[in-house]
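Just below is one structure, and these are the notes that go with it.
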Amino acid sequence: MVAAFRRPYPAYRVNAFQASANQPMSEINTTPLIDVMLVLLIMIIITVPLGNHVLDVDLPGESPPVTGDPQQFSITISPAGQVFWDGEEVNREGLAERLAHARTLSPEPVIRFQPDPQASYDASVQVIAQVRDAGLKKFAFIGNHEFRSFGKD
């Protein structure tokens, strides 16, 4: 009797690179991954405009040279609520006149504001409102370092 030839492994499990079909396959087929990446790359290249959109921008011309630093005026408030313009005591109307005059200067002067730490908050707010109402844009607080420990002993 002739014995039937029996293969040690079924034909559908035989792999030329793997001796045993009982172990899991540890290789990744990268061909589909490369195909998908190429398709995505082509889609991105097609959809990204290549500089077709041009925006004309009018650049400013030469500006006149700035001559020196702008003038600076100092406004201080005493603990009693008195307002001083460059060391000279002024009332609210006098402050408004000086601010209006400062507004006409070119270049616009810097208004330096330094209230005393014991000055009332209301007096400070009124002076700040007067500067804002005068239309001056260059406004600086001086002496902020004195208030860093506000409320601390």
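The values are calculated or read from the model by the stated rules, or taken from the named source; none is laboratory data. None of the values given here were measured: they were computed from a predicted structure. With ideal geometry, Cβ positions are generated from the backbone for all residues, glycine too; neighbour counts draw on all protein chains shown.
How about region 109-131: which of its residues are of a type in the set (A, V, I, L, M) and in contact (Cβ under 8 Å) with a residue 40 or more places away in the chain? Lay out the reasoning, then the answer.
Within region 109-131, the subset of a type in the set (A, V, I, L, M) is 110-111, 119, 123, 125, 127-129, 131.
Within region 109-131, V110, A119, A123, V127, V131 qualify.
Just a yes or no: is a residue in region 63-71 at pLDDT 85 or above and either surrounded by 10 or more Cβ atoms within 10 Å (Cβ to Cβ) or hydrophobic (A, V, I, L, M, F, W, C) (or both)?
To start, the set of residues in region 63-71 that are at pLDDT 85 or above comprises 71.
If we keep only those that are either surrounded by 10 or more Cβ atoms within 10 Å (Cβ to Cβ) or hydrophobic (A, V, I, L, M, F, W, C) (or both) as well, we get 71.
Yes, region 63-71 contains at least one residue that is at pLDDT 85 or above and either surrounded by 10 or more Cβ atoms within 10 Å (Cβ to Cβ) or hydrophobic (A, V, I, L, M, F, W, C) (or both).
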* Does V2 fit the bill of being modelled with pLDDT under 70, of a type outside the set (K, R) and touching a Pro at 6+ places or on another chain (Cβ under 8 Å)? -> no
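Given the options S106, S78, name the one that is out of contact with any Ser or Thr (no Cβ under 7 Å at 6 or more places or on another chain) and either surrounded by fewer than 10 Cβ atoms within 10 Å (Cβ to Cβ) or touching a residue at least 60 places away in the same chain (Cβ under 8 Å) (or both).
Numbers: S78 fails: either surrounded by fewer than 10 Cβ atoms within 10 Å (Cβ to Cβ) or touching a residue at least 60 places away in the same chain (Cβ under 8 Å) (or both).
Testing whether each residue is out of contact with any Ser or Thr (no Cβ under 7 Å at 6 or more places or on another chain) and either surrounded by fewer than 10 Cβ atoms within 10 Å (Cβ to Cβ) or touching a residue at least 60 places away in the same chain (Cβ under 8 Å) (or both) leaves just S106.
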* Which residues, counting only those in region 109-134, are among the charged types (D, E, K, R), crowded, with 17+ Cβ neighbours inside 10 Å and over 21 Å from P79 (Cβ atoms)? -> none
* Asked: Residue check, E108 against (1) of a type in the set (D, E); (2) closer than 30 Å to S63 by Cα; (3) in contact with a strand residue (DSSP E or B) (Cβ under 7 Å, 6 or more places away or on another chain), all met but one. Which one?
  -> (3)
* To do: Considering each residue of region 95-130, count those that are closer than 22 Å to P70 by Cβ, assigned to a helix (DSSP H, G or I) and not aliphatic (A, V, I, L, M), and give that number.
  => 6
* Give me the pairs, please: first residue somewhere in region 19-32 and surrounded by 10 or more Cβ atoms within 10 Å (Cβ to Cβ) and assigned to a loop (DSSP other than H, G, I, E, B), second residue anywhere and modelled with pLDDT under 70 and of a type in the set (K, R), beta-carbon distance under 8 Å, and either six or more positions apart or on two chains. => A21/R13
